[in-house]
Amino acid sequence: MANVIKLRKGLDINLKGRAKEQTLPLKSVGTFALVPDDFVGMTPKVVVKAGDKVKVGEPLFVNKHFLDLGFASPVSGTVKEIVRGERRKVLYVTVEADAEQAYVDFGVKNVAELNADGVKEALLKAGLFGYINQLPYAVATTPDTTPKAIFVSALRDMPLQGDFEYELKGQEQDFQTGLSALAKMAKVYLSVGGKQTSSALLSAKDVEVTVFDGPCPAGNVGVQVNHLDPVNRGEVVWTVDPTAVIFFGRLFNTGKVDLTRIVAVAGSRVKEPAYVKALVGTPIATIIENNLTEKNHTRIINGNPLTGSIVSGTAFLGAHTSEITAIPEGDDVDEMAGWIMPRFNEFSTSRSYFSWLMGKKEYDLDARIKGGERNIIMSGEYDKVLPMDIYGEFLIKAIISGNIDKQEQLGIYEVSPEDFALAEFVDSSKQPLQQIVRNGLNLLRKENS
Amino acid sequence: MSLRNYLDKLRPNFEEGGKLHAFKSVYDGFDTFLYVPHETSKSGTSIHDAIDSKRIMSMVVIALIPAMLFGMYNIGYQNAMAAGKLGEATFMGMFLYGAIALLPKIVVSYLVGLGIEFAWAQWKGEEIQEGYLVSGFLIPLIVPVSLPLWMLALAVAFAVIFTKEIFGGTGMNIFNVALAARAFLFFSYPGSMTGDTIWVEKEQIFGLGYTLPDGFTMATPLGEIAQGAAANASLYDMIVGLIPGSVGETSVIAIAIGAIILIWTNIASWKTMLSVFLGGGAMALLFQSTGATPLQWYEHIVLGGFCFGAVFMATDPVTSARTACGKWFYGFLIGAMAVIIRVMNPGYPEGMMLAILFGNMVAPLIDYCVVQSNINKRAKRAKM
């Protein structure tokens, strides 16, 4: 039986519009794009020009500092445009898809016969290695790192997040192959949720399975690392999204790069919350446009409402995104005297509201901050939703004050911004905690490089 | 909504270049007070908890209301009792008398304190912080009823500027603002803060209440003990609160209602509160058993500012210890210190104020030790 770790700290936010277990058809579209920013901390160097022909699996851009670390095109077709932003930063590379998809054949491989270098080389060649993330710094990893362990969390428990067990159906074999491949490179820990029952997860081979039983953020890989094998200074662990494990498995089982994933479309502003099958890089508009109850004052999020990025203008399904959500923006809501009214439709962890009475009520929360930013006033708010052996508030203060030694001592190498997402939600001082943590990680990465 | 439209119409006047720009912080303060701000998140989490610091501060003020109402009644009660007219005084009459005696203090405290806050926020180009809503309500409740208004104004100005704003505003202060105001008064105007002539209002107000002779004296029970006399109040009076003292501190029952509100809403830490009582009780028991104090240990708890301090001042989240473990030490230290000052220092009948200020001072040290143990654990782990 798998080892069970019970977590008490945390918070499940019950939002309206959870995706039903059914996959809706998606009209196929012409243009796809790969976004360098999806691979956090990576500086891209574009290796194609507009008009070039690419096959699925050929790199569109590479890591500027590791030229053999490419990022595979999700489709085959003609490179349409390289869109740049301020200071010529590459925002995304679009590819006009051909009707008939052509794949680079990387050759079917038996993982059991490969060694660590063989797996690494295969992933690098196919432009998939960049899907591996790492701690410290919570960035896309690079080939020069040697992980002490690899962590895969099969539990997605943020509000409205797509259920991985549903996505896994029919992909069990590829998932297992992916895990076995990773296990060639380092010890692999697979973490599952207390309510998950799939045998492909619970009796996965070549990995150590741990059950994390508790409220959100039990599914955060950072929380799991902290409990299983915390990162010390100078050490690296790799963290891999379970969908990326499936991508890896497909590569070895079929010899092809196939970035198809099952994505939840959810939220209170979605007409029919369900799943769709889509390629990484599908324009978000085509996924959600015809499924909205209301277009005005609606916020579309590339990801879940706690950690996802806000969609403004053209955006594409992220490389690590398991759901697209739509919630009310709320900028048109006039609510009087919020400091005293009962506000029955608002969710709060504070008992000065009535959420504690409402049981399993589903809330329709909008994107208002609902208060002004203040200095940190209340104590212990972050700790209640941060199930890690870390003094969150003191770490945040060390980051704000730019005290690098203190940040290291307090364990900044163990955290990623998403670990502070719930803290940012409950914070009565409305501090942008995820941004603060990201800034701290960036600063440290620069200092240590 | 018409009020919303009206506010939106006024807004341009307060923006940069508008003729009322000097009052932008005031406008923002009222706008966000009337309506939940429209501002939506631009990065990070797209959803937020409905709690904000306005609501937190409002809840504390609500928790203070029972103590204030009882304080008003007690002002009238003490006046009537001193005049020997308890038989003919009505409940409403005594309450109204106290209300009229106390209201100017609340008004002055808010006018001076919020005035400085508004001006400071405008000067720094920041939003008005709500912290003073609580401090401004606390200050009139922890001074004697006869304190002159000008002294109160001076103390408020000192506390807001020198213990809060120069440190960076609410959330950055080391010492509790309300207690700093009281400490300022205590050391600058001891004649108006201690002794036996200040605890009962002696004048008639608008024909209400009774005029007492100039030489009338009435000490608090703790004051009498300090002079070697016996306390002239029954345990019943001490708990209900019908004894002389600072306005809000006398009634254990009214304070208990506030404590329930604060703990229920999770704004005050029950750990801090409980450990103050544990510390005070343990120390009083020790002194009682050695015969150093004539009071029973529970009398030390119900008398003076002990309960009020434990519930409303020691639990101030900003100035108390911030780690869960540190709160136990912090509270225990304050409770024990308060009783030590009362018993060991003949000059000070009451020790709660100094004990909490002392606690404020060592709170960062307590937290440092707690956090350091986490740091050491991590360092040890890295070496293995």
So, first residue of a type in the set (Phe, Trp, Tyr) in region A:367-386, second residue buried (at least 21 other Cβ atoms within 10 Å of the Cβ), Cβ within less than 6 Å, six or more apart or across chains; the pairs are A:Tyr382/A:Gly392; A:Tyr382/A:Glu393; A:Tyr382/A:Ala423
B:Ile161 versus (1) modelled with pLDDT under 90; (2) more than 14 Å from chain A (Cβ to nearest Cβ): which is the lone unmet condition? (1)
Single residue of A:Arg343, A:Arg374, A:Arg368 found to be in contact with a His (Cβ under 9 Å, 6 or more places away or on another chain), surrounded by 15 or more Cβ atoms within 10 Å (Cβ to Cβ) and not assigned by TED's automatic domain parsing to the domain that holds A:Phe212: A:Arg368
Any chance B:Phe91 is surrounded by fewer than 19 Cβ atoms within 10 Å (Cβ to Cβ) and within 14 Å of another protein chain (Cβ to nearest Cβ): no
Determine if region B:64-84 includes at least one residue that is within 25 Å of A:Gly371 (Cβ to Cβ) and part of a helix (DSSP H, G or I). yes
Sort through A:Gln134, A:Gln176, A:Gln161 and tell me the only one that's in a helix (DSSP H, G or I) and touching a residue at least 40 places away in the same chain (Cβ under 8 Å). A:Gln176
Would you say B:Leu34 is touching a helix residue (DSSP H, G or I) at 6+ places or on another chain (Cβ under 9 Å) and more than 10 Å from every other protein chain (Cβ to nearest Cβ)? no
Given (1) in a helix (DSSP H, G or I); (2) free of Cβ contacts under 8 Å to residues at least 60 places away in the same chain, B:Ile239 misses just (2)
Within region B:170-193, the residues that are surrounded by 24 or more Cβ atoms within 10 Å (Cβ to Cβ) and within 14 Å of chain A (Cβ to nearest Cβ) are B:Thr170, B:Asn173, B:Asn176, B:Val177
Condition (residue is out of contact with any Cys (no Cβ under 8 Å at 6 or more places or on another chain), crowded, with 23+ Cβ neighbours inside 10 Å, over 30 Å from A:Met388 (Cα atoms) and polar (S, T, N, Q)) applied to region A:35-49: is it met by at least one residue? no
Right, A:Tyr353: of a type in the set (Ser, Thr, Tyr), more than 18 Å from B:Gly171 (Cβ to Cβ) and out of contact with any strand residue (DSSP E or B) (no Cβ under 8 Å at 6 or more places or on another chain) or not? yes
Among the residues of region B:202-209, are any away from every other protein chain (no Cβ under 14 Å) and crowded, with 21+ Cβ neighbours inside 10 Å? yes
Return a yes/no flag: does region A:357-373 have any residue that is among the aromatic types (Phe, Trp, Tyr), within 10 Å of chain B (Cβ to nearest Cβ) and not in a strand (DSSP E or B). no
Taking the condition among the β-branched types (Val, Ile, Thr) and facing another protein chain (nearest Cβ under 10 Å), does A:Ile288 pass? no
Could you tell me whether region B:38-51 includes any residue that is free of Cβ contacts under 8 Å to residues at least 40 places away in the same chain, surrounded by 15 or more Cβ atoms within 10 Å (Cβ to Cβ), outside any loop (DSSP other than H, G, I, E, B) and facing chain A (nearest Cβ under 7 Å)? yes
Any chance region A:1-14 includes a residue that's farther than 21 Å from A:Arg87 by Cβ, touching a helix residue (DSSP H, G or I) at 6+ places or on another chain (Cβ under 8 Å) and in a strand (DSSP E or B)? yes
Determine which member of the set B:Leu86, B:Leu102, B:Leu10, B:Leu20 is in contact (Cβ under 8 Å) with a residue 40 or more places away in the chain, away from chain A (no Cβ under 14 Å) and either surrounded by fewer than 15 Cβ atoms within 10 Å (Cβ to Cβ) or of a type outside the set (Asp, Glu) (or both). B:Leu102
Determine which member of the set A:Gly219, A:Gly234 is without any contact (Cβ under 8 Å) to a residue 12 or more places away in the chain, in a loop (DSSP other than H, G, I, E, B) and under 26 Å from A:Phe129 (Cα atoms). A:Gly234
The condition from (1) surrounded by fewer than 16 Cβ atoms within 10 Å (Cβ to Cβ); (2) touching a helix residue (DSSP H, G or I) at 6+ places or on another chain (Cβ under 7 Å); (3) of a type outside the set (Val, Ile, Thr); (4) assigned to a strand (DSSP E or B) that A:Glu21 misses is numbered (4)
Considering (1) within 21 Å of the chain's Cα centre (by Cα); (2) closer than 24 Å to B:Tyr73 by Cβ, say which one B:Gln204 fails and leave the rest. (1)
Assuming B:Pro144 fulfils every condition listed in (1) assigned to a loop (DSSP other than H, G, I, E, B); (2) within 11 Å of another protein chain (Cβ to nearest Cβ); (3) under 16 Å from the mean Cα position of the chain (by Cα) apart from one, which condition is it? (2)
Answer yes or no as to whether B:Leu286 is over 30 Å from B:Pro140 (Cα atoms) and either crowded, with 22+ Cβ neighbours inside 10 Å or more than 14 Å from every other protein chain (Cβ to nearest Cβ) (or both). yes
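The values are calculated or read from the model by the stated rules, or taken from the named source; none is laboratory data. Predicted model, so just to flag it, every value in this text is computed and none were measured. Note that each Cβ is placed from the backbone with ideal geometry, even for glycine, and that neighbours are counted across all protein chains shown.
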